[in-house]
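See structure below.
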Amino acid sequence: MPTISFIKTTAKASLSNKWSKVLASGALVISAFCLIYVFFSMLYLMLSAALNNGWSLVLSLIPSFFLWQFFGVPLLYGVLRWFWFTAAGDDLPVSEAFFYFSRTKEYIRSVSLGFRIFCRIVAILVVCFLPSIIISILCRPTLYDMLNFAMPFFVSSLWSLGNVLTLFGTILSIILLLRYFAAPILMINDNNISPQEALHLSNIISKQVNGKTLSFILSFLGWAVLSLLVIPLLYTLPFFMTCYSVYCKYLIENYNRLTELQNKTYYPNYKPPRF
């Protein structure tokens, strides 16, 4: 695998002389997010007039979430597809960002992958943080007040265990989530791969490089802080999506190379599939 600085340099080079299209493609994702946020805000304001803040928030988030999944995700993958082929040297029109809206099969694939990734994120976070959540609940005096039961003496010593479990859950969830890092690119790269296959292949090719992938993500921490000013997103979002595309390209090539080397050693006549 090449260094992160080399990946970023390669990404910048692939964007040269294409900045009008780059900015337009990035603006599509930002606009979609802003529109959904406006929809959420308006719905929340209307509901808050009749309901309490908790119910207003929940009833506003649910339709906003589905709007993002059915509209924002296909657009996001379409824009990512544009950056994937642009990073490979192709010159595509910005209209290719709507690729996943142009065909029913592709639209279903993009929405399906979005839901599958979301479900895996939720499941992993619940499983990893459930022990620390249980400890946190057991350590709350209000629980024992509700049960009209004296708080056991040993409960006070569980706080430190809860902190350890939280740290352990954070590390484990990061490791598990990194397995699906390349799934969108694998689906984009091959129209014949199903969303489930993309997730499975991402798990396979990412196993040996979780540390490298984490370092790659953390290298954009400064850019993420800068993006909080919103306007820099016009540059930082396209730059990250291009770097992500280049990184996944080398990730796939690295897996193919290691697989071929291994099979040449143990199975000289075997030709492995390439992604």
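The values are calculated or read from the model by the stated rules, or taken from the named source; none is laboratory data. From a predicted model like this one, the values you see are computed outputs, not experimental measurements. As a convention, Cβ positions derive from the backbone with ideal geometry for all residues, glycine included, and neighbour counts pool all protein chains shown. For accessibility, only protein heavy atoms count, side chains too; no ligands or nucleic acids. Shrake-Rupley method; radii C 1.70, N 1.55, O 1.52, S 1.80 Å.
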Number of the exception - residue 68 against (1) more than 30 Å from residue 17 (Cα to Cα); (2) open to solvent by 70 Å² or more (accessible area, probe 1.4 Å); (3) of a type in the set (Phe, Trp, Tyr)
(2)
Just checking, does the range 5-14 include any residue being over 22 Å from residue 232 (Cα atoms) and out of contact with any strand residue (DSSP E or B) (no Cβ under 9 Å at 6 or more places or on another chain)?
yes
If you take the residues of the range 88-111 that are open to solvent by less than 80 Å² (accessible area, probe 1.4 Å) and aliphatic (A, V, I, L, M), which of them is modelled with the highest pLDDT?
111
Report, by residue number, each residue of the range 112-133 that is among the β-branched types (Val, Ile, Thr) and open to solvent by 30 Å² or more (accessible area, probe 1.4 Å).
117, 121, 122, 126, 127, 133
Which numbered condition residue 4 fails, given (1) over 17 Å from residue 190 (Cα atoms); (2) modelled with pLDDT of 90 or more; (3) open to solvent by 30 Å² or more (accessible area, probe 1.4 Å); (4) within 22 Å of the chain's Cα centre (by Cα)
(2)
Kindly establish whether residue 171 is under 28 Å from residue 130 (Cβ atoms), touching a residue at least 40 places away in the same chain (Cβ under 8 Å) and out of contact with any Leu (no Cβ under 9 Å at 6 or more places or on another chain).
no
Among the residues of the range 45-65, the number that are in contact (Cβ under 8 Å) with a residue 12 or more places away in the chain and open to solvent by less than 60 Å² (accessible area, probe 1.4 Å) is 5
Which numbered condition residue 145 misses (of (1) at pLDDT 90 or above; (2) surrounded by fewer than 16 Cβ atoms within 10 Å (Cβ to Cβ); (3) among the acidic types (Asp, Glu))
(1)
Filter result (β-branched (Val, Ile, Thr) and either more than 30 Å from residue 250 (Cα to Cα) or in contact (Cβ under 8 Å) with a residue 60 or more places away in the chain (or both)) within the range 1-44:
4, 7, 10, 22, 29, 30, 36, 38
